[in-house]
Amino acid sequence: MKKTAKKIIEFKKNGKKITALTAYDYSSAKYFDKAGVDIILVGDSLAQVALGYGSTCEVTTEEMLVFTKAVSRGVQDALVVADMPFMSYQISTEDAVKNAGKFIQAGAQAVKIEGASQYIIETITRITQSGIPVMGHLGFTPQYINTIGGHYVSGKNVHSTIEISNKAQSLEKAGVFSIVLEMVPQESSDFITKKLNIPTIGIGGGKFCDGQILVSDDILGKYDEFCPKFARQYSSLKDIIFNVAKAYCNDVEKGNFPSAAESFTLNSDEVEKLENYTQD
Ligand code: KIV
């Protein structure tokens, strides 16, 4: 059955841990969905893992829309959330609502927005009032990397934990249905989570969050340029891809591919005619 933003809130009330993964293509999304993942995020992490950019700030709305369409076509039950990329919601509220609408028209059922400044709170309020569910994102917020200055853990003391908690409550008031907590100590996440009626989804946020999200390329072991401490690698897809490509090249070079079964063949009459054919 299709999961909705409302259903995700109910999961917290019922004590069901929420599962979430990023996806960027049709077939991965299809199998994550079949496996029962509750939320599939078309994360702007695709900037790095699918497009090879240096940071998430480089991906555009137009690019994100292509991936959102592909993922949405593969999903039946999971809630598809599209990450609103850098500069798609910062210029004006009107622009933000328009861009959020594009992601819904591309097949997502919700969008994700980083931060909780006064401007962001107003923007999220307008987007949710337009009928578009919004997921918040606090703690380490990659789109602000140029002002933060690095990949730092947030909420490392009481003062900063209270600050995140207050922001999370403002996001809840603005209408978000869940909040990603990235790189926040588990005790701080626990404090923040207990103050909210909406679920927290941790990524490096520890076990007390209401759910967990990871970048699929990290759990699959596909992207090897950087693997964060909090990502559990379940497979080494990069080795599988490398070995398959190597075996294929070897077979082609040695004449072992294609076999007759992998080729189209003429019937024996046509073969004989072809062999006896001489050009006038
Ligand atoms: O883009 C992304 O993959 C994300 C996750 C880290 C939550 O925002």
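Mind checking which residues of the range 159-199 are closer than 21 Å to LEU21 by Cα and of a type in the set (S, T, N, Q)?
If the condition is that a residue be closer than 21 Å to LEU21 by Cα and of a type in the set (S, T, N, Q), then SER178, GLN186, SER189, THR193 are the ones that fit.
Just to be sure I understand the filter: pairs with C-beta atoms under 6 Å, separated by 6 or more residues or on different chains, first member in the range 182-202 and more than 14 Å from the ligand (Cβ to nearest atom), second member of a type in the set (S, T, N, Q). Which pairs pass?
Every condition considered, the pairs that remain are SER188/THR161; PHE191/THR161; ILE192/SER165; THR193/THR200; LYS195/SER165; ILE198/SER178.
If GLN233 passes every condition in (1) within 16 Å of the ligand (Cβ to nearest atom); (2) surrounded by 18 or more Cβ atoms within 10 Å (Cβ to Cβ); (3) polar (S, T, N, Q) but one, which one does it miss?
The number of the failed condition is (2).
Could you go through the range 86-94 and let me know if any residue there is within 11 Å of the ligand (Cβ to nearest atom), crowded, with 24+ Cβ neighbours inside 10 Å and in the same structural domain as LEU220 (by TED's automatic domain parsing).
No, because not a single residue in the range 86-94 is within 11 Å of the ligand (Cβ to nearest atom), crowded, with 24+ Cβ neighbours inside 10 Å and in the same structural domain as LEU220 (by TED's automatic domain parsing).
Can you find a residue in the range 206-223 that is among the hydroxyl-bearing types (Ser, Thr, Tyr) and modelled with pLDDT under 95?
Applying the first criterion (among the hydroxyl-bearing types (Ser, Thr, Tyr)) to the range 206-223 yields 216, 223.
Keeping just the survivors that are modelled with pLDDT under 95 gives 223.
Checked against the condition, which is being among the hydroxyl-bearing types (Ser, Thr, Tyr) and modelled with pLDDT under 95, the range 206-223 yields at least one hit.
Could you say which residue among VAL66, VAL97 is assigned to a helix (DSSP H, G or I), surrounded by fewer than 19 Cβ atoms within 10 Å (Cβ to Cβ) and touching a Lys or Arg at 6+ places or on another chain (Cβ under 7 Å)?
Values: VAL66 fails: touching a Lys or Arg at 6+ places or on another chain (Cβ under 7 Å).
Selected residue: VAL97, the only one of VAL66, VAL97 that is assigned to a helix (DSSP H, G or I), surrounded by fewer than 19 Cβ atoms within 10 Å (Cβ to Cβ) and touching a Lys or Arg at 6+ places or on another chain (Cβ under 7 Å).
ALA20 fails exactly one of the following numbered conditions: (1) touching a Ser or Thr at 6+ places or on another chain (Cβ under 6 Å); (2) within 18 Å of GLY211 (Cβ to Cβ). What is the number of that condition?
(1)
Any idea which of (1) closer than 24 Å to ASP224 by Cβ; (2) modelled with pLDDT of 95 or more is the one ILE145 doesn't satisfy?
(2)
Can you pull out every residue in the range 23-39 that is closer than 16 Å to LEU237 by Cα and touching a Phe, Trp or Tyr at 6+ places or on another chain (Cβ under 9 Å)?
Within the range 23-39, ALA23, TYR24, ASP25 qualify.
When the range 98-124 is examined, which residues are found to be touching a helix residue (DSSP H, G or I) at 6+ places or on another chain (Cβ under 8 Å) and either small (Gly, Ala, Ser) or not assigned by TED's automatic domain parsing to the domain that holds LEU65 (or both)?
Listed by number, the residues that qualify are ALA100, ALA106, GLY107, ALA108, ALA110, GLY115, ALA116.
What is the residue count in the range 24-49 for residues that are under 11 Å from the mean Cα position of the chain (by Cα), part of a loop (DSSP other than H, G, I, E, B) and either at pLDDT below 95 or more than 10 Å from the ligand (Cβ to nearest atom) (or both)?
Residues that pass the stated criteria total 1.
The values are calculated or read from the model by the stated rules, or taken from the named source; none is laboratory data. Quick caveat, the model's predicted, so the values are computed rather than measured. Please note: Cβ atoms are built from the backbone with ideal geometry, for glycine as well, and neighbour counts cover all protein chains shown.
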